[in-house]
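See structure below.
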Amino acid sequence: MKDTDGSRSNQFLFSLWLVGGLLVVLILLAAATLVIPELAHPTHLVSVALDTSVVNAIVVTFAAGFVAVMILMVLGTPLAYVLARGRSRWHSAIETIVDLPLALPHTVAGLMVYLLFMIRGPLGVPFHQIGIVFEDAFPGIVAAMVFVSTPYYVDAVREGIVKVPERLENVARTLGASQYTAFRTITLPLSVRPIISGAFLAWGRAVGEFAAVIMIAYFPMVVSTLIYNRFTTGGLEESRSIAFIMLVICLVVFLAFRLVSRRWGWSHDRT
Amino acid sequence: MIALDDLSVTIGSFRLNGITLHAGDGEYFVLLGPSGAGKTVLLEVIAGLRAADTGRVTINARDMAGVKPEHRGIALVYQDYSLFPHLTAAENIAYGMQVRSRPDHEIRKRVDELLADFGISHLGQRYPGSLSGGEQQRVAIARALATNPSVLLLDEPFASLDPRVCDECIRVMQDLKDTRSVTIIQVSHSHEEAYSLADRVAVLLGGRIKQTGTPDEIFRTPASEEVARFVGIDNVMTGVVTNMAGCSRITAGSLAIKLPASFPEGTVVTIGIPADCIRVLPVHPEFDEPGSTAITCEVRRVTPGRDCFRIELDGVVPLTSILGRQGPGDGIVPARGTQVCAVFRDTDVRVFSGDR
């Protein structure tokens, strides 16, 4: 009986693999069509990699992504906390608003960011007065990135904070901690993992953003803009080389993240 | 010293009403009630973590209205102990002193003392996830005592421990009670804990305190049928007293039961007959034993236990009898559905309430 049961479930799992594995094959195949021709022409790859406009685009992209994530951490962590601890209808309405950028086409998001931050926009005007311009400028890239990646960060951190029992904060309070101290010494350390993974998700979303970014800042070019620009003007070969460089960098960051997140921060299932 | 005055709390559709109690310095007060009676909520109200609708909490003669949890001089230990999982046992205990910015050497000394007092010095560097339930409980209580609270609130501290560990932890609490002057309010559903630890007990049923008294008062002389049933007294009946031939009796169902003392005619009294005072005998048509009452019943259910059989009987009133196991053979245990005769002596009838 045991054996038949075992083999039946193996057959079942195997058929699931057969179907689901197609997705894995698709990703690998796509990577191969990019990687193989690039590795075949290393000299061209190196010349593209050393091209100033490529280097600039990469620096701009990653710097803007970094700034966007910093802004999200400062603004998004408190928001995630109040959303995690609240239970009213009011809170779920806010959660829906936070998730709105997920549902929007990115060009729509880009247009919204543009209307808001353009020099005559409701936020563009006051920022212009203190000397910050968004149109075709670095801050514009950051603004678009923050806008589209907010739900990724806030949702991940909120989920994490929900898992930290409120009772731990209550105990901390009775032991003499203020609400803020309880948050800083108990909830925050226990949420390090979701904060890191939320930041990573948001960062990935941010550096990959294209549509929303070009609406407000075609220049300075981010990597996505540059790839599209080269694809339409210079040709397939050049855009593919930039894409390959981006693929390698993202892969390295992703692996580094996996390594760090396994070691860093307290995990709920640690015993 | 802690006093609750006419406290009311609403949680969803559930309501705690008019909770009034008073625990003196160093008193061990057990709030006894079934699970889901809102006991945890009441502790959170005392701690200031939750607002009451009405009423007042006074700790050491100070009104706690508007006083934050961190300034109340209380400590709360939850049923799951809620140890901080990212801190070691020693760091957990030190937490309260650290947030109060006590000097390091003082913290270290106090943590060592507490670890030693609770016999857990060897566990100081361990994380809560690797501690057993009993060990976690000790860490949690040591952590709560580290800041010298004037009131310690304990939420079902033994409920999640297995019985053997539980006995040991009750001993820890008894020592605690003897050696420290902290006032303890413990909520519990266990009669056993109330008996072993409490100076005084309050019974919380249906969102209200039904009776307050020493464990003996609560368990021997419950004030109402509800409390009598809750504290586990069997064969509880309520009836109106009629006096006949110089003897008080009540009528329950169609059964007249003689009372062991006299009561004025018309008084409503609640009585109980301990299950082990009810004998189960074969049916005997002319049974007549002076000073005893006999009822013919049908056996509805027999539940074997480790030391006894519990026999539920259907007659003019439902009765429960406990038959001790005597050893191999066990005398005669009646089978389900047989007709038997239940006999109890009139002197075994306990009267709980009624104006004497």
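For A:T43 paired with A:E159, estimate the spin-label separation in nm (one decimal), with each label point 7 Å from Cα along the Cα-to-Cβ line.
Label-label distance for A:T43 and A:E159, simple model: 4.9 nm.
Based on the Cα atoms of region B:233-353, what semi-axes does the equivalent ellipsoid have, where each is the square root of 5 times one gyration tensor eigenvalue, given in whole Å with the largest first?
The answer is 27, 15, 12 Å, longest axis first.
Distance from the Cα centre of region B:172-235 to that of region A:100-123, in angstrom?
Spelled out, the Cα-based centre of one part sits 64 Å from the other.
Using a 10 angstrom cutoff on alpha carbons, build the Gaussian network for chain A and name the most mobile of A:Q179, A:Q11, A:Q129.
Judging by the Gaussian network model, the answer is A:Q11.
Would you mind putting A:247-253, B:144-150 in packing order, based on average other-beta-carbon counts within 10 Å, highest first?
B:144-150, A:247-253
Which residues does a label at B:S181 reach in region B:1-45, if reach means a backbone N under 15 Å from a point 7 Å past the Cα toward the Cβ?
B:1-2, B:24-28
Out of A:Y152, A:Y180, A:Y218, any idea which swings most in a Gaussian network model of chain A, alpha carbons joined below 10 Å?
With Cα springs under 10 Å in chain A, the top fluctuation among A:Y152, A:Y180, A:Y218 is at A:Y180.
Only Lys, Arg, Asp and Glu count, each charged at its Cβ (+1, +1, -1, -1), so figure out the dipole size of the protein assembly as shown about its Cα centre, rounded to 20 debye.
My answer is approximately 940 debye.
What FRET efficiency comes out for the pair A:L123/B:S196, r = Cβ-Cβ distance, R0 = 56 Å, nearest 0.05?
In this case the efficiency is close to 0.25.
If the chain between A:L236 and A:D51 were fully stretched, how many nm would it gain, using 0.36 nm times the residue separation less the Cα-Cα distance?
Contour length minus the Cα-Cα distance gives 65.0 nm.
Only Cα pairs within less than 10 Å get springs; with that Gaussian network setup on chain A, which residue of A:G208, A:G20, A:G110 has the largest fluctuation?
In the Gaussian network model the winner is A:G20.
Mind checking the angle between helix B:104-117 and chain B's longest principal axis? C-alpha axes, 0 to 90 degrees, to the nearest 10.
Tilt relative to chain B: about 30 degrees.
Of the DSSP beta bridges with both residues in chain B, give the percent that are antiparallel, rounding to the nearest 5.
75 percent
If you average 1/r over all unlike Cα pairs in region A:12-127 and invert the result, what Kirkwood radius do you get in angstrom?
Computed over region A:12-127, the radius equals 19.6 Å.
Roughly how many whole Å is it from the C-alpha centroid of region A:186-208 to that of region B:258-299?
The distance from the Cα centre of region A:186-208 to that of region B:258-299 comes to 72 Å.
Tell me, what is a quarter of the convex hull surface for the C-alpha atoms of chain A, in nm² with one decimal?
Spelled out: convex hull of the Cα atoms, projected over all directions, averaged, 21.5 nm².
Identify all aspartates and glutamates with a Cα-Cα distance to B:K210 below 18 Å; exclude those on the same chain that are fewer than 8 residues away in sequence.
B:D5, B:D6, B:D199, B:E225, B:E226, B:D355
What per residue convex hull volume, in Å³, do the alpha-carbon atoms of region B:2-229 yield?
About 126 Å³ per residue, rounded to a whole number.
Kindly provide the helix-only [θ] at 222 nm of chain B, computed as the sum of -39,500 (n - 2.57) over DSSP H runs of four or more divided by all residues, to the nearest 500 deg cm²/dmol?
Result for chain B: -7000 deg cm²/dmol, rounded to the nearest 500.
Once Rh is set to the Kirkwood radius over Cα pairs, what Stokes-Einstein translational diffusion coefficient, in µm²/s, holds for region A:57-117 at a temperature of 10 °C and a viscosity of 1.306 mPa s?
116 µm²/s
Would you tell me the mean number of C-beta atoms belonging to other protein chains that fall within 10 Å of each C-beta in A:161-173, as a whole number?
5
Kindly give Rg over Rh for the protein assembly as shown, based on alpha-carbon atoms, with the Kirkwood expression for the hydrodynamic radius.
1.16
Could you work out, residue by residue across B:47-58, how many beta carbons of other chains sit within 10 Å of that residue's beta carbon, and then give the average as an integer?
That works out to 1 on average.
Return the long-range amide H neighbours of B:I209 (sequence gap of 5 or more, or a different chain), with a cut-off of under 5 Å between placed amide H atoms.
For B:I209, whose amide H was placed from the backbone, the distant partners under 5 Å are B:T20.
Using θ = phi - 60° and the Karplus relation 6.51 cos²θ - 1.76 cosθ + 1.60, list the HN-Hα couplings for region A:175-190 in order, rounded to whole Hz, with x at every Gly or Pro.
7, x, 8, 6, 4, 5, 4, 4, 5, 5, 9, 10, 5, 4, x, 6
Using the Karplus curve 6.51 cos²θ - 1.76 cosθ + 1.60 with θ = phi - 60°, what ³J(HN,Hα) values do you get for each residue of region B:164-176, in whole Hz, with x for Gly and Pro?
In residue order, the calculated couplings are 5, 5, 4, 4, 5, 5, 5, 4, 4, 5, 4, 4, 4 Hz.
Looking at region B:196-305, which GluC sites (Glu not before Pro) are in a loop (DSSP not H, G, I, E or B) and have at most 10 other Cβ atoms within 10 Å?
For GluC sites (Glu not before Pro) across region B:196-305 that sit outside H, G, I, E and B with at most 10 neighbouring Cβ atoms in 10 Å, the list reads B:E286.
Cα atoms only: what Rg and Dmax, in Å, come out for region B:155-213?
12.1, 35
Choose one of A:V223, A:I242, A:F200: the residue whose Cα lies farthest towards the positive end of the charge dipole of region A:172-265 (beta-carbon charges +1 Lys, Arg; -1 Asp, Glu; about the Cα centre).
Value: A:F200.
Between B:T251 and A:M70, what is the spin-label point distance in nm, taking each point 7 Å from the Cα along the Cα→C-beta axis?
Between B:T251 and A:M70, the simple spin-label model gives 9.0 nm.
If the limit is 27 Å between Cα atoms, which of A:K163/B:K177; B:K109/B:K177; B:K39/B:K177 go over it?
Result: A:K163/B:K177 exceed 27 Å.
Where a number appears in this text, it was derived from the coordinates with a stated rule and is not lab data. All figures in this text were calculated on a predicted structure; none of them were measured in a lab. Neighbour counts run over all protein chains shown; Cβ positions are idealised from the backbone, glycine included.
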